[in-house]
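Please read the structure below before turning to the comments.
What follows is calculated from the coordinates using simple rules that are stated; it is not laboratory data. What you see is a predicted model, and the numbers here were worked out from it, not measured in a lab. Here Cβ is always computed from backbone atoms with ideal geometry, including for glycine, and neighbour counts include all displayed protein chains.
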Amino acid sequence: MPKSKRDRKVSLTRTPRKGLEAKQALIAELRRCVDTYKYIFVFSVANMRNNKLKDVRNAWKHSRIFFGKNKVMMVALGREPSSEYKENLHKVSKHLRGEVGLLFTNRTRDEVDEWFSKFREVDFARAGNKATYAVSLDTGPLEQFPHSMEPQLRQLGLPTALKKGVVTLLSDYEVCKEGDVLTPEQARVLKLFGYEMAEFKVTIKSVWNSETGDFQKLVGDPAEGEEEEDDDDDVSSED
């Protein structure tokens, strides 16, 4: 009987090497950006969405954005004064906690602040997000849905039935109250009915000046002083 290709043994000894090479390449690229750009801005992201971050990248093609792999970025910049790549970069590292990234740019602080203060994108909330307002549905036909959707709506908890082939809500239904922590079912219902409650936004937290070596904290950082957990998320960096 022929041996199945699925039974082939794959050596795992190459995996750590490839991972190490990728980290070393990222460290080299980060340090190249330190040498190239005048400013490094640390930013945080609320309600992270990859497609929204892509919009930011497209608007800032003249700069570089790195998001993810906080520990690797900390190694590149230096965790302590004795290991920092340039003066005061260890202070940047201390703020690489949670969903944050680095913006390398030659744009001034005023330009950066102005652009990001205006950039807001709404999206559908996910499970675990808080409802920003109450949503209730009125009794009656839901003609926006095909009849094939009725079982799915009922499974989500809505009191629905088919009446003459039309999906119908049999009684008033409260989807959520303001401040509710949304369940997966609530988040799905809100999306189906077109209610967007999540706001993707970027907050500029601090800045480092390559010419002077000065580091300036711009907003409070509640995560400061906490231990950094292992960060295995894929790094995301583009021109």
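Details
- P(r) for the stretch 60-149, from all Cα pairs and a bin width of 10 Å, is 12, 25, 27, 14, 13, 7, 2 %, short bins first.
- Computing FRET efficiency as 1/(1 + (r/R0)^6) for PHE145 and LYS177, where r is the C-beta to C-beta distance and R0 is 25 Å, gives about 0.55.
- Most to least packed among 188-194, 211-217 [average Cβ atoms within 10 Å]: 188-194, 211-217
- The Cα atoms of the stretch 17-65 give a gyration tensor whose axes a ≥ b ≥ c have a/c of 1.5 or more with a/b no greater than b/c, which makes the shape oblate.
- For the stretch 102-190, averaging the sequence separation of C-alpha pairs within contact (under 8 Å, six or more residues apart) and dividing by the residue count gives a relative contact order of 37 percent.
- Shape category assigned to the stretch 8-129 from the gyration tensor of Cα positions, a/c cut at 1.5: oblate
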